[in-house]
Structures are given as structure tokens and as C-alpha cells.
Amino acid sequence: MSLLSLPNELLLQILPSLTEPDDITRSSEFLATVSRTNRRLHTLVEPFLYSTFEATESSIGPFLRTIVERPRLGEYTTTVVNEVYLDKDWVLSEKQQSIADSAVKVILD
């Protein structure tokens, strides 16, 4: 029996258990790899990929832009880890601030 022969309900139980809960980056990389294997797995994994966002200098812009362009993905986001910017003065351009405000609105609505 192959993994893909299982019903979605079972796959939704199995896939998260294969990740490392204490390592957001490794778990995200694994789920992203699974997501790229086929459309069915992509659809199942996508909510997990967007449930936790770990902010880095290179990830914040693309993440916010994606949430603004695809608001449905913002509905999955329940945790934002922002340790990178806790000790920094983070100054956004007017355009970046507008995108950030839109993304926050999408996530909170």
C-alpha cells in the first residue's frame, strides 16, 4: 500500500507527525518538499506550511507579499516567531509598511 492510497484524513494525521516540532525550519523544509511532490499533497500540507511563520530578514517581505496576494493563506497563520527583530529598530519604507498592515489585517480578520 502506498502513502497516496490512504485517505486524506489519515494523511493529515501522518504528515505532521513526521516533522520536528522543536525545529520550525527543518519541519517547514520537510513539508515544503512533500508539498512539491504532487497537487494532492500540496493541498494537504499548505495549511501546515503557513501555520507558523519564523521571521528573518530575507523571509518577511515574501511572506507578507504572499499573504496580501493570497489572503486565504493568512487564515492558516497562528504563530509568528519574531526573535530576529526583538533587539533591532526595524524601519519599514512606506510601501513595506502598507504591505505589512495589509498582511496583519488579513491574518487577524
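Out of the range 30-68, which residues are within 11 Å of the chain's Cα centre (by Cα), of a type in the set (V, I, T) and within 19 Å of E20 (Cα to Cα)?
V45, T52
Of all the residues that make up the range 1-50, how many are touching a Lys or Arg at 6+ places or on another chain (Cβ under 8 Å) and under 24 Å from V80 (Cβ atoms)?
3
Would you tally the residues in the range 31-43 being surrounded by fewer than 17 Cβ atoms within 10 Å (Cβ to Cβ) and not charged (D, E, K, R)?
6
Look at the range 57-74 and say how many of its residues are at pLDDT 75 or above and loosely packed, with under 14 Cβ neighbours inside 10 Å. Steps first, please.
To start, the set of residues in the range 57-74 that are at pLDDT 75 or above comprises 58-74.
Those still in the list that are loosely packed, with under 14 Cβ neighbours inside 10 Å too: 58-59, 61-62, 69-70, 72.
Of the residues in the range 57-74, 7 are at pLDDT 75 or above and loosely packed, with under 14 Cβ neighbours inside 10 Å.
The values are calculated or read from the model by the stated rules, or taken from the named source; none is laboratory data. Keep in mind that this is a model prediction, so the values were computed, not measured. Heads up, the Cβs are rebuilt from the backbone with ideal geometry, glycines too, and the neighbour counts pull from every protein chain shown.
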